[in-house]
1. I'd like the GluC sites (Glu not before Pro) in segment B:39-91 restricted to DSSP loop residues with at most 15 other Cβ atoms within 10 Å, sorted by number.
2. Charges on Cβ only, +1 for Lys and Arg, -1 for Asp and Glu, centred on the Cα centroid of the protein assembly as shown; of B:V32, B:Y89, B:S65, which one is farthest towards the dipole's positive end?
3. List the aspartates and glutamates whose alpha-carbon lies under 12 Å from that of B:K57, not counting same-chain residues fewer than 8 positions away?
4. For Cα pairs less than 8 Å apart in space and 6+ apart in sequence, what is the mean separation divided by the residue count of chain B, i.e. the relative contact order in percent?
5. Just to be sure I understand the model, the point goes 7 Å from the Cα along the line to the Cβ. What's the resulting B:S38 to B:S65 distance in nm?
6. Determine which aspartates and glutamates satisfy two conditions relative to A:K59: a Cα distance under 19 Å, and not lying fewer than 8 residues away in the same chain.
7. Using a simple charge model, +1 on the beta-carbon of Lys and Arg, -1 on the beta-carbon of Asp and Glu, nothing else, what dipole does the protein assembly as shown show about its Cα centre, in debye to the nearest 20?
8. Determine the shielding of peptide A:97-103 by partner chains: average, over its residues, the number of Cβ atoms on other chains within 10 angstrom of each Cβ.
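Derivation of every value follows stated rules applied to the coordinates shown; laboratory data play no part. Just so it is clear, the structure is predicted and the values come from calculations on it, not from any experiment. Quick reminder, even Gly has a Cβ in these numbers, built from the backbone with ideal geometry, and neighbours come from all protein chains shown.
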Amino acid sequence: EDQVTQSPEALRLQEGESSSLNCSYTVSGLRGLFWYRQDPGKGPEFLFTLYSAGEEKEKERLKATLTKKESFLHITAPKPEDSATYLCAVQASNDYKLSFGAGTTVTVRA
Amino acid sequence: DSGVTQTPKHLITATGQRVTLRCSPRSGDLSVYWYQQSLDQGLQFLIQYYNGEERAKGNILERFSAQQFPDLHSELNLSSLELGDSALYFCASSAWGMNTEAFFGQGTRLTVV
């Protein structure tokens, strides 16, 4: 069974204080690894898809990287509007569903 | 706005009742997924439909069922509701079953009292 573990559970940052979130996964053949952002009471918002080890993608202050066993979401010089729960999910090559981790809740203080 | 529409946004009902949640996927998307999110469980995959056919099943209870109609909208039916069924129910859609990005709706918050 696919397993996705995210750490830390919660992260409190000062505005401008860069940090990284970790997503470690176990899957029988990776089709894709996905990052989503979720605000309270809202649906997950798609951020990135990574397909192979070594791949990197960037969007504004966010950068996602992928190795064979884990992915990192780097937040550079965060702002209060980056406060959210960040979810990692994997899709196995022989399956359709996304298996999600529990998420990392990021709080950025001004 | 993801383009995925879910109705209703909120639903309050009593134990033992039956409810139907509705999802309209993004224009052109053939695949619809249903997820349940509760405080202690995170996002749990329930079921997937592709172009009207069931494609994958997750941890969906026998009291729950879903279907996808010819116009590609989908409905999730929850029956014999229990207090523990209170959760956010999300629908997501993607372009085709094996593809990558799934876009989520804003969810239906179900409260069973």
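1. Here the GluC sites (Glu not before Pro) that fit, given the DSSP loop and packing criteria, are B:E62, B:E82.
2. B:Y89
3. A:D95
4. After rounding, I find 37 percent.
5. So the two model labels end up 2.2 nm from each other.
6. Straight-distance partners of A:K59: A:E15, A:E17, A:D39, A:E45, A:E81, A:D82, B:D1, B:E101.
7. Once rounded to the nearest 20, the dipole reads 120 debye.
8. Values: counts 12, 10, 4, 6, 2, 4, 2.
That works out to 6 on average.
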